[in-house]
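The values are calculated or read from the model by the stated rules, or taken from the named source; none is laboratory data. Computed from a predicted model, the values in this text were never measured in an experiment. When we count neighbours, we look across all protein chains shown, and the Cβ atoms used for this are built from the backbone with ideal geometry, even at glycine. Keep in mind that these areas ignore ligands, DNA and RNA; they rest on the heavy atoms of the full protein, side chains included. Shrake-Rupley method; radii C 1.70, N 1.55, O 1.52, S 1.80 Å.
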Amino acid sequence: MKYLIGIDIGTTGVKTILINQKGAVVAKSIKEYPLQTPKPGWAEQNPEDWWQATVASLKEILTKINPADIAGIGLSGQMHGSVFLDKNNRVLRPCILWCDQRTTKQCEDITAKIGAKKLIKLVANPALTGFTAGKVLWVRDNEPALYKKIRRILLPKDYIRFRLTNTFATEVSDASGTLFLDVKNRGWSKELLKKLDIPLEWLPACSESSEITGEITGAVAKLTGLKAGMPVVGGGGDQAAQAVGTGIVKMGIISITIGTSGVVFAFSDKPLYDPRGRLHTFCHAVPGKWHVMGVMLAAGGSLQWFRNNLGQEEITLAKKRAVDPYEILINNTKSIPPGSEGLVFLPYLCGERTPHADPDARGVFFGLTLKHTKAHLTRSVLEGVCFGLRDSLEIIKDMGILINEVRVSGGGARSKIWLQILADVINYEIITVEPAEGAAYGVALLAGVGTGVYQDIYQACRKSIKITSRLKPNPENVKIYNQRYRVFKSLYVSLKDKFKLGSLRLLI
């Protein structure tokens, strides 16, 4: 029996899983690490924390198996982060993360220099604050002494690849989110790099996601218990890897992920573009394929914020009952009718990407009255996140992309109440699958493809992924949510200028 490892360098922690060639999960380990917010709108992490967590998680799962039976490793991770290395391959500063909003000026500069239409033509996407390119220019503008020392720029998972294999490499799905990749032709855009005066040699070699990119070094083998020479494949950015792990590998199947962020993901046989740049067009982890993707920055993150700041009673009760406080919060909404009796939540706690691309957007509870309780607030958060996800789905539909099936994953998919709200808001049947291990599972399958355990990604998904539930929309609730969605959309339009006036970014 052959085994495969998937490692996902997430925002809150590293998740490492071990699966057998039949796709069954044999072991998994999660090791958390902190996130720093040195200023409002900023988000950073120490890459060494990722490495220490990765080593600890590998040691834990390797107690379950003979390392000689492991065929290969796949890597996934949070996208867009910028790890800067000097000539001695030392990390120069904390990684600026995907949710960091400091680069508004740099994105405006990129757009002005290249031209909005030209930018879409070169790299398929507009310059957004989350993308890597703006971070590189921010360092050049604000930390010039440090910038002069840069010799390598890596994405989070690719820094872990370097530590595991001593090779500099990435793959097309994660590289798509840098703004440096010619997405259509699946290689670095030399024209854009030249225009921005960023050396091509700073960027790693770029492969397809299932290609072998390096091997475990002897030093790492001694440190972790892995076998020296074990192949490591390209892997994927977390969303493309998650899509592989849920079987989004052919036209007509759409995925919705409710994690810290929220993502609506559509497979495509060719590169498709939203002419207004509201959706991302990236390379898929499936070789020679693409995807379009809408991203909201605070999906599960909105509920996490609510729990942390307004859910102390539920947190205390959950400890006594040995249950998840989210379960208590969400179950308390059962008596609240659809539409939260006029209360609407805008989930823009980190600014927003799709469809507004607005770092100044902010969270709002609209319509509060004396009748509303904490349960109303909770339900409005669940509904507001679903409305935000519908924004992306509506654009995908407008682009003429086929939707036959909607699969949902992520932490939010564990709640039947939240899933029913989503089904009612988008008016599609909701499907869940297993295993529900997300991006780590997807890159474990990619490792199987790259090492010959599976013939191709289609065979890997057929053997491994099973549908576990179907949830149909409630027609009466659909009518209510269609009306509330119109209110939700109108609120951003009304508040857009006020968001900009009140932005904390202007105070930095």
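At-a-glance table
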{"read-out": "Relative contact order %, region 44-132, counting alpha carbon pairs below 8 Å whose residues are six or more apart", "value": "30"}
{"read-out": "Farthest positive-ward along region 392-508 dipole, Cα basis, beta-carbon charges - from 499, 488, 423", "value": "499"}
{"read-out": "Principal axis dimensions, largest first and in whole angstrom, of region 72-144 by Cα", "value": "39, 35, 23"}
{"read-out": "Region 201-212 - phi-based ³J(HN,Hα) in whole Hz, Karplus 6.51/-1.76/1.60, Gly and Pro as x", "value": "5, 6, 9, x, 4, 10, 10, 6, 5, 9, 6, 6"}
{"read-out": "Radius 12 Å from Cβ of residue 356, net charge of other residues (Lys, Arg +1; Asp, Glu -1)", "value": "+3"}
{"read-out": "Computed P(r) (all Cα pairs; region 137-184; 10 Å bins; percent)", "value": "23, 40, 35, 2"}
{"read-out": "Portion, in percent, of the accessible area of the chain that falls on carbon or sulfur, probe 1.4 Å", "value": "52"}
{"read-out": "The chain - charge dipole about Cα centre, Lys and Arg +1 at Cβ, Asp and Glu -1, debye rounded to 20", "value": "220"}
{"read-out": "For region 295-309 and region 28-97, distance of Cα centres in Å", "value": "23"}
{"read-out": "log10 of Debye I(q)/I(0), alpha-carbon scatterers only, for region 277-346 at 0.26 Å⁻¹", "value": "-1.20"}
{"read-out": "Backbone N under 16 Å from the residue 26 label point (7 Å along Cα→Cβ), restricted to region 220-237", "value": "225-228, 230-231"}
{"read-out": "Among beta bridges that DSSP assigns inside region 141-287, antiparallel share in %, nearest 5", "value": "75"}
{"read-out": "Cα gyration tensor, region 413-508 - rounded (a/c under 1.5), prolate or oblate", "value": "oblate"}
{"read-out": "Debye equation applied to the C-alpha atoms of region 1-112, log10 I(q)/I(0) at 0.11 Å⁻¹", "value": "-0.47"}
{"read-out": "Charge dipole (debye, nearest 20) of region 131-185; +1 at Cβ of Lys and Arg, -1 at Cβ of Asp and Glu", "value": "240"}
{"read-out": "Alpha-carbon centroid distance for the pair region 434-463 / region 324-352, whole angstrom", "value": "35"}
{"read-out": "Spin-label proximity, residue 251 to region 273-289 - amide N less than 15 Å from point 7 Å beyond Cα toward beta carbon", "value": "273, 289"}
{"read-out": "Three semi-axes of the equivalent ellipsoid, the chain, Cα gyration tensor, whole Å, largest first", "value": "34, 28, 22"}
{"read-out": "Whole-angstrom Cα spans of region 173-324 along principal axes, big to small", "value": "56, 51, 36"}
{"read-out": "Fraction of beta bridges assigned by DSSP in the chain that are antiparallel (%, nearest 5)", "value": "70"}
{"read-out": "Radius 14 Å from Cβ of residue 431, net charge of other residues (Lys, Arg +1; Asp, Glu -1)", "value": "+2"}
{"read-out": "Long-range Cα-Cα pairs in region 363-414 (distance over 16 Å), rounded percent", "value": "57"}
{"read-out": "Region 119-155 and region 368-400: distance between their alpha carbon centers, rounded to Å", "value": "33"}
{"read-out": "Radius of gyration, Dmax [region 103-231; alpha carbons; angstrom]", "value": "16.3, 51"}
{"read-out": "Residue-averaged [θ]222 nm for the chain, counting only DSSP H segments that reach four residues, each worth -39500 (n - 2.57)", "value": "-11500 deg cm²/dmol"}
{"read-out": "Spin-label model distance (nm) - residue 486 vs residue 456, 7 Å beyond Cα toward Cβ", "value": "4.7"}
